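Values in this text are rule-based calculations from the coordinates and carry no lab data. These numbers come from a predicted model, not from an experiment. Cβ coordinates were reconstructed from backbone atoms using ideal geometry, including for glycine residues, and neighbour counts include every protein chain displayed.
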Amino acid sequence: MNVRLYVWQRATAAVMAPLVLVHIAVILYVSRQGLTAADILSRTHGSVLWASYYGLFVAAASIHASIGVRNVLAEWTALGERSAGFFAVLFGLALAVLGAHAIVVLVLT
Amino acid sequence: MPGELSVSLWRGAEDGCYETYRVPRRESQTVLDVVTFVQRHLDPTLTYRFACRVGVCGSCAMTVNGRPRWTCRTHVAKVAGDDRLTIGPLENLRVIKDLATDMQPFFEKWQKAKGAFEPSKTRADAIEQIRPDSPARRAADAAIECINCGVCYAACDTVRWNRDYFGPAALTRAWTLLNDQRDAGNAARLQAVAGSGGCHSCHSHQSCQELCPQALNPTAVIADLKRRTLAAYLKGEIAP
C-alpha cells in the first residue's frame, strides 16, 4: 500500500465513523418504535437529506472496503499488486452499484 | 548445573528436517554455546553464523523454540525450561544450509529504503558541531543501535505475506537518517518509504517491538514514518 491509498483509506474511515453511529442510532430507533418498511419508506421518500447521507456512506464504504480487499488479495493470495488492484476496483464498483440501487429504492419509491 | 539438553537443529536447505542431538547442560550457557558445541564435538558439518558473541555484530540470530532471537545473548535457562531446544534458521529468508539464511533480500530492502547516509557536506567543509543532548540528535540516536540481526524481519507477519515489504529494520534505519540533521537525502528517502512496500504496508502487529533484542520500537518508528509521509504527501512534497 502506498501513501495515496493510505490517505484514502484513513479519510474514508474518518468519514464513516460518525455515519456508522447515526446509522446504528437509526436502526435502534426503527426497531424500538416498531416501524414497518412502509413507515420507513414514507419517511425517506424524496428526502434529499437521506439520499445525501447514504450516498456519502456508500461512496466512503466502497472506497474504504476496496482498498482493504486489495490488501487482503495482495497479501493472502498469489495475485500481484496490479491484479489485486483490478479485482479490488471491481469489488468497489459492485459495492457502489448495490449501494446506489438501495438508495434509489429508499428515496424514490 | 548437571544434565543434558535435547537439541533439535534444522539440517539441510529448504527441504531439510530437524535432527536431535544431546548436549551437556552448563552454567550460564547460551544458545550459541549449544550450537557451537554441536559443531565442535558432534557434527563439524553444521553450518551457522556468528562473529562477536557479545550482541554487537548481529550475525547469530536464529529461531529458538519458535521465536527469532540473538543466540549469543539468549541464555538456555531462559528458553529451555524442559531441557529441550528447537533451533532453526530465521524465517522469511531463504535457507542456504542448516542455520544459515540468505540475508541478501534483507539488505537489499535496507538499500531500497535509502538506508545509506547521504552527506550534506564534503571533506573540505568544517566538521559540523552537534550537541549529543540536542533534541535533534536524541531523535537520531533513538533507534541507531539497530544491529541488523534480522530478528524483527523474521518475526514480521507482513514480511511473510508481502514479499515487497521493506520490513522493520530497513524502515527503522530510514527513520534514523530522517532524524539526522547531517543527512541530505531525506526527500528521496521519504519518497521511498511512502511507496509500495514502504511504511504504509505495516499492520502494527508489534512483533518487531516485542522481539527486538536491542529493545527498540520499530512499530512506533513506522507509525511516525506514516505521519511524516502523510504530511509530505498532503503538502505535495512527494508523489504517491
Inset, instruction - Rank these for me by crowding, B:219, A:77, B:172, going from fewest to most other beta carbons within 10 Å. - result: A:77, B:219, B:172
Legend entry - Given B:112/B:226; B:114/B:226; B:78/B:112; B:109/B:226, the pairs whose alpha carbons are separated by over 26 Å: B:78/B:112
Inset, instruction - For every helix of n ≥ 4 consecutive DSSP H residues, a contribution of -39,500 (n - 2.57) applies; sum these over the protein assembly as shown, divide by its total residues, and give [θ] at 222 nm rounded to the nearest 500 deg cm²/dmol. - result: -15500 deg cm²/dmol
Inset, instruction - When you have a sec, figure out the Kirkwood radius of chain A from all distinct Cα pair distances and drop it here in Å to one decimal? - result: 15.4 Å
Legend entry - Hull-based mean projected area of segment B:1-126, where the convex hull spans the alpha carbons, in square nanometres: 10.4 nm²
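Could you size up the charge dipole of chain B around its Cα centre, putting +1 on the beta carbon of Lys and Arg and -1 on that of Asp and Glu, and report it in debye to the nearest 20?
Roughly 380 debye, rounded to the nearest 20.
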Inset, instruction - Give a residue-ordered list of calculated ³J(HN,Hα) values for segment B:89-100 (Karplus: 6.51 cos²θ - 1.76 cosθ + 1.60, θ = phi - 60°; whole Hz; x for Gly, Pro). - result: x, 4, 7, 6, 9, 5, 7, 7, 6, 6, 9, 9
Legend entry - 3J(HN,Hα) from dihedral phi, segment B:175-188, Karplus parametrisation 6.51/-1.76/1.60, rounded to Hz, x for glycine, proline: 5, 4, 6, 4, 8, 8, 5, 7, 7, 10, x, 6, 5, 5
Legend entry - Positive dipole terminus of segment B:104-234, leading residue within B:144, B:212, B:202 (C-beta point charges): B:202
Inset, instruction - Return a whole-number percent for the relative contact order of segment A:3-108, with Cα pairs under 8 Å and 6 or more residues apart as the contact set. - result: 38 percent
Legend entry - In sequence order, calculated HN-Hα J values of segment B:192-205 (Karplus, 6.51, -1.76, 1.60; Hz; x Gly/Pro): 5, 7, 8, x, 4, x, x, 5, 6, 7, 5, 9, 6, 6
Inset, instruction - Write down Rg/Rh for segment B:104-234, rounded to two decimals, with Rg from the C-alpha atoms and Rh from the Kirkwood relation over Cα pairs. - result: 0.97
Legend entry - Relative contact order [Cα under 8 Å, 6+ residues apart], segment B:104-234, whole percent: 31 percent
Inset, instruction - Pick out which of B:61, B:143, B:220 has the largest mean-square fluctuation in a Gaussian network model of chain B, springs linking Cα atoms closer than 10 Å. - result: B:220
Legend entry - Measure of compaction for chain B (Cα Rg per 2.2 N^0.38 Å): 1.14
Legend entry - Average beta-carbon neighbours from other chains, 10 Å sphere, peptide A:72-79: 2
Inset, instruction - With a 10 Å radius around each residue's Cβ, average the other Cβ atoms per peptide and rank B:188-194, B:110-116, highest first. - result: B:188-194, B:110-116
Inset, instruction - Between B:105, B:68, B:213, find the one with the highest GNM mean-square fluctuation for chain B; connect C-alpha pairs within less than 10 Å. - result: B:105
Legend entry - Inter-chain Cβ neighbour average for residues B:193-199, partner chain, 10 Å: 4
Inset, instruction - Could you compute the FRET efficiency for residue A:31 and residue A:10, with r as their C-beta to C-beta distance and R0 at 41 Å, rounded to 0.05? - result: 0.85
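For the protein assembly as shown, what percent of Cα pairs sit more than 39 Å apart?
36 percent
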Inset, instruction - Within 10 Å of each Cβ in peptide A:3-10, how many partner chain Cβ atoms are there on average? Round it to a whole number, please. - result: 6
Inset, instruction - Evaluate the charge dipole of segment B:104-234 about its Cα centre and quote only its size in Debye, nearest 20, assuming +1 on the Cβ of each Lys and Arg and -1 on the Cβ of each Asp and Glu. - result: 240 debye
